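Notes to accompany the following structure.
Read the figures in this text as sums done on the coordinates, not as results from a lab. Since the structure is predicted, the reported quantities are computational estimates derived from the model, not experimental observations. Ideal geometry is used to build each Cβ from the backbone, glycine not excepted, and the neighbour counts take in all protein chains shown.
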Amino acid sequence: MKKLVALIFMAFLLAGCTQKVVKLKMPQNVPAKKVDEDKKTVVEEFISNDSVIQEEIINNSGSKNEITSDEDSEALLSNEMEIKFDSTKANLKVAFVYPSSLVSKYARNSINTTAGYLSFIEANYNLVVIDSQNESMDSINKAFEKVKEAGITKVIALFTPNAINNINSLALDDIMVYLPLIEKKDSLATNNSLIFGSISYEDQLKKLSYYSDGPNVLFYQDTYLGNKLRNSYENTISYTTARKEVRKNETNFKSLVSDSRLRNSSLFLNVDIVKSSLIMSQLRANDIYPKFIFSTQINFDPILMTLTQDKDRERLVLANSIDKLNPKLRDEIINFGGNINFEWVDYSTLVGISYLINGNNSFMPTKIVENQVVYNPRLFKSTDYGFVEIK
């Protein structure tokens, strides 16, 4: 009997994980909004205390040779589809460069994603991982000198937007550099050697704003990402009834949500997932019900289902720019330790390594146009078991 119950539970769990499409119910009398393109950029702050990933060379047999670190659209369901790659050519060399003091938390998964893709296409490859430590001009220059010495022309560089001027100063020659964390509009210079891969939180806010109804309310944090989101929001939303800052150490949100202006509002919840969960719980506990609760990629994470109750999320609409992928490719990368279902940095890395090797191809739904990845934000609601797309 216990085995039967367990089998039934697993069946329901798997069914809940299947992506579905439902219609988003909209008020009858709300006119469509036109939102002008904004010129500001929203990017995430990448700071971590995780242990430093050692500089290493990873080959396709799985072995690792340490070297000295520097001190200073629709899912592609056809299983017959293959990415064209001539494995008879000389070893494919790819460099992964990152500043460990800033992005070590994200670097490990991105490296795994890169290795997973190279394994999937059955390439004979060397993946050289170089830690620049930081984003100073000297550190970046030394890292790329190692790239040149190794004869590598394809590079994934996990630098933040603060490094763009230093990167533009490099003499890259025939090296192509993909930047998962930076948007093209972060760069004031034109550099055809650079390919920009960051998602646009601004595009997500625009997508969400089309469905806003009633007075708009903004919850934000005084952080790097929070302020960028706030600036993007204010350039996208024409009128806001209330703006509320969620302080870093704040955990009791009763006074924050006890505001009549939140009733029947369109609440833009631009705060981290833990605080978002607490706020949604407090809203329901105090009988405060916005018409919609909107959030961007920052809360598109299955942990949301464990931090909140289903009724807390009934009015929640999330934007997500991660597209559907061929199941075999997805599973290969997951086996290597990448998380391309929910981590946009991993997904961006995948788009980049695919493009560096094969250009735009039918296997990768997200394309690169004029050296910038073009993402397609989609809207989702949450269920007990996962996220469901809404249109």
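Observations on the model:
- Members of Lys228/Lys275; Lys154/Lys324; Lys185/Lys291; Lys105/Lys206; Lys184/Lys206 lying beyond 23 Å, as alpha-carbon distances in this model show: Lys154/Lys324; Lys185/Lys291; Lys105/Lys206
- Nitroxide proxy distance, nm - points 7 Å out along Cα→Cβ at Thr251 and Asp272: 1.4 nm
- Full-extension gain in nm, Tyr224 to Ala242, via 0.36 nm per residue minus C-alpha separation: 4.4 nm
- For region 90-199, applying the loop criterion from DSSP together with a ceiling of 16 other beta carbons within 10 Å to the GluC sites (Glu not before Pro) yields Glu122.
- Region 263-367, Rg to Rh (Cα coordinates; Rh as Kirkwood inverse mean 1/r): 1.10
- Close amide H contacts of Ile195 (hydrogens built in the peptide plane, cut-off under 5 Å, sequence separation of 5 or more or a different chain): Val177, Tyr178, Leu179.
- Distance between modelled label sites at Glu234 and Thr383, nm, 7 Å Cα→Cβ extension: 4.0 nm
- Rounded to the nearest 0.05, the FRET efficiency derived from the C-beta distance between Glu370 and Asn286 at R0 = 51 Å is 0.55.
- Largest-first principal axis extents of the Cα set of region 262-301 (Å): 25, 18, 12
- Dividing the alpha-carbon radius of gyration of region 308-391 by the rule-of-thumb value 2.2 N^0.38 Å gives 1.24.
- From the C-alpha gyration tensor of region 140-266, square roots of 5λ in Å: 41, 16, 10
- Along region 261-273 the Karplus relation, 6.51 cos²θ - 1.76 cosθ + 1.60 evaluated at θ = phi - 60°, assigns HN-Hα couplings of 5, 7, 5, 6, 8, 9, 8, 8, 9, 9, 10, 5, 5 Hz to successive residues, with x for each Gly and Pro.
- Where the Cα pairs of region 201-320 fall when distances are cut into 5 Å bins, in %: 2, 12, 25, 27, 22, 10, 1
- Amide H contacts of Ile288 (H built 1.01 Å from N, in plane; Pro and chain starts excluded): no residue 5 or more places away or on another chain comes under 5 Å.
- In this structure, the amide hydrogen of Lys244, modeled 1.01 Å from its nitrogen in the peptide plane, lies closer than 5 angstrom to those of Leu218, Phe219, Tyr220, counting only residues at least 5 positions away or on a different chain.
- Pairwise FRET efficiency - Tyr210 versus Lys311, Cβ, R0 = 25 Å, nearest 0.05: 0.45
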